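One structure is given below, encoded as structure tokens.
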Amino acid sequence: MDESGGSGQPQSGTDEATERHGEQRAPSAPAADATRPGPERPEHPTGPTPPTAPGTSEAAPSPGRPHDPTDSARGTATHSDPSSGAEDEADALHGSSDETGSKPTGEPGTEPSAQDAHRDPSAGAHPHPDPEYPRTLAHSGTGTGTGKTQPPRRGREPGGGLLMGRPFGVPVYVAPSWFLVAALITWVFGGQLDRVLPELGALRYLVSLFFAVAFYASVLVHELAHTVAALRFKLPVRRIQLQFFGGVSEIEKEAETPGREFVLSFVGPLLSLVLSGLFYLAMLAVEPGTVPGVLLAGLMISNLIVAAFNLLPGLPLDGGRMLRAVVWKITGRPMSGTIAAAWVGRALAVSVLIGLPLLTQSGALGASQDNIGGMDTVTDALLAAILAAIIWTGAGNSLRMARLREHLPELRARSLTRRAVPVETSTPLSEALRRANEAGARALVVVDADGEPLSLVREAAIVGVPEHRRPWVAVSGLAQDLTDGMRVSAELAGEALLDTLRATPATEYLVVEDSGEIYGVLSAADVERAFVKAMARPS
């Protein structure tokens, strides 16, 4: 189900305050380790428990790891197998009013040369979203490290259990919870087989285990259908995960049109219907009442239930994505489609919570009222509660992810960049801080004799140096060497900005103009704070 930031979303925010070069503001800096925002990744339900046999009744960041704001800021689209706007732009990103001033220079009291103006990372004052502004650079942050930092490490590929393979280049994981549901299916289906094929004896549990594996193989086919369609539309797929209540295909972008959204959602249930038909045809070729006949009948019914349940018109189910696409097409606004499908999903959750136990008690699901005991009633009520909770939570997550997509364009590198001053490698920290505070800057860029940037002084490292030692500590010992991934364009915004930061996790990035001129320094914590503010405002 498509839940992440993609193209075609309404743009929001303004660059009005960010285009004013040559401005200054008092220095400040937010805490280095801000609380990571956590919009939940929508992990959608798998459906009811496997059918009865025929003839019977029924991720906080770890210490020391470079902070990656995109872990929480990215919305990951998911397709799951359930069997298986007015916006206040200026307040969020632009902070308070600016004071006009000149560019900082290498030495206080001197005028910048033409070369200095080209090399100067302070080229332009950059409004900042920090609510605690102003503060001095020397007293900002919360870090304690003092040594030269190691190059940032690229984040590990997302896991999620036991890696089973990479069909179409997409990793498929089996979550630990799958083994629990496999054992549950083996036990339940084995008890049903004892009534249908009593001659099997203990072998019925081996047959039941085979059914559990074949059933989830069908779920995998359902998810692969979503994956192939996504790849066909050039939408990257992060992974497929088989878990307790089915499967999840995590698609990292949203479909660009309602038509593609509809197709992307419909192919999963369609493949489940095709599988159900194939199992039915195979069942006609075997003798009823045999092990192959019972297995094929069970798989036919299971896939039919998977398709029918997924086609229910409410998020986070595939039918909800299809409803969203229809409303999106009619209104022209994807957010309207999301709101409509999410509330239908919540209505479905309430219906499942109340209706499933009532249907079981009435015998409408095939069970005789005389055979329904107290334990069956409790089991049905528990299953209904779990399914209802998953659907309700998934619908809420869909709304949150839609709001994320609407607000993503507000994240602009240009408006979030800190003013910076260049300092040479041997400059004492105390002198560098004095220059920064005089210039109203909030970042330090270490440059060589020609003014070429070499590294960025980490805010957390500055705080870790006691004030009495700062005259004796060179800035080069507190800096992080620049890599290609740590140079970002001032024109980046929205999902493109998050993708760039995610590719090279770091605490600070050098922001440059398209011409190569240094614009300033971007802090990952600032991006995260701006994201949290944007998400907190109503759509």
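The values are calculated or read from the model by the stated rules, or taken from the named source; none is laboratory data. Keep in mind that this is a model prediction, so the values were computed, not measured. Neighbour counts run over all protein chains shown; Cβ positions are idealised from the backbone, glycine included. These accessible areas exclude ligands, DNA and RNA; they are computed on the full protein's heavy atoms, side chains included. Shrake-Rupley method; radii C 1.70, N 1.55, O 1.52, S 1.80 Å.
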Q: Please work out the C-alpha center-to-center distance from the range 247-303 to the range 466-539 and express it in whole Å.
A: 47
**Q.** Rounded FRET efficiency, nearest 0.05, which uses the C-beta distance separating Lys234 from Leu382 and R0 of 51 Å
**A.** 0.75
Q) At a 1.4 Å probe, what is the % contribution of carbon and sulfur to the accessible area of the range 243-384? A) 73
Q) Hey, with R₀ at 35 Å, roughly what FRET efficiency would Glu287 and Ala202 work out to, going by the Cβ-Cβ distance, to 0.05? A) 0.95
Q | Two-site label geometry, Phe210 and Thr483: point separation in nm, points 7 Å out along Cα→Cβ | A | 5.0
Q.
Using amide H atoms built in the peptide plane, which far-off residues or other-chain residues are under 5 Å from Ala443 H to H?
A. Val421
Q) Just going by the charge dipole of the range 236-277, with Lys and Arg at +1 and Asp and Glu at -1 on Cβ, which of Leu242, Pro269, Gly259 is farthest out on the positive end? A) Leu242
Q.
Per-residue counts of other Cβ atoms within 10 Å, averaged by peptide: what ranking do you get for 282-292, 166-176, 414-424, highest first?
A. 414-424, 166-176, 282-292
Q.
What does the extension gain come out to for Glu438 and Leu162, with contour length at 0.36 nm per residue minus their alpha carbon separation?
A. 93.8 nm
(Q) Over the range 378-457, with the other protein chains present, what is the accessible area per residue in square angstrom, probe 1.4 angstrom? (A) 28
Q.
I need the peptides 466-477, 498-509, 177-188, 207-218 ranked by packing, meaning the mean over residues of other C-beta atoms within 10 angstrom, with the highest value on top.
A. 498-509, 207-218, 177-188, 466-477
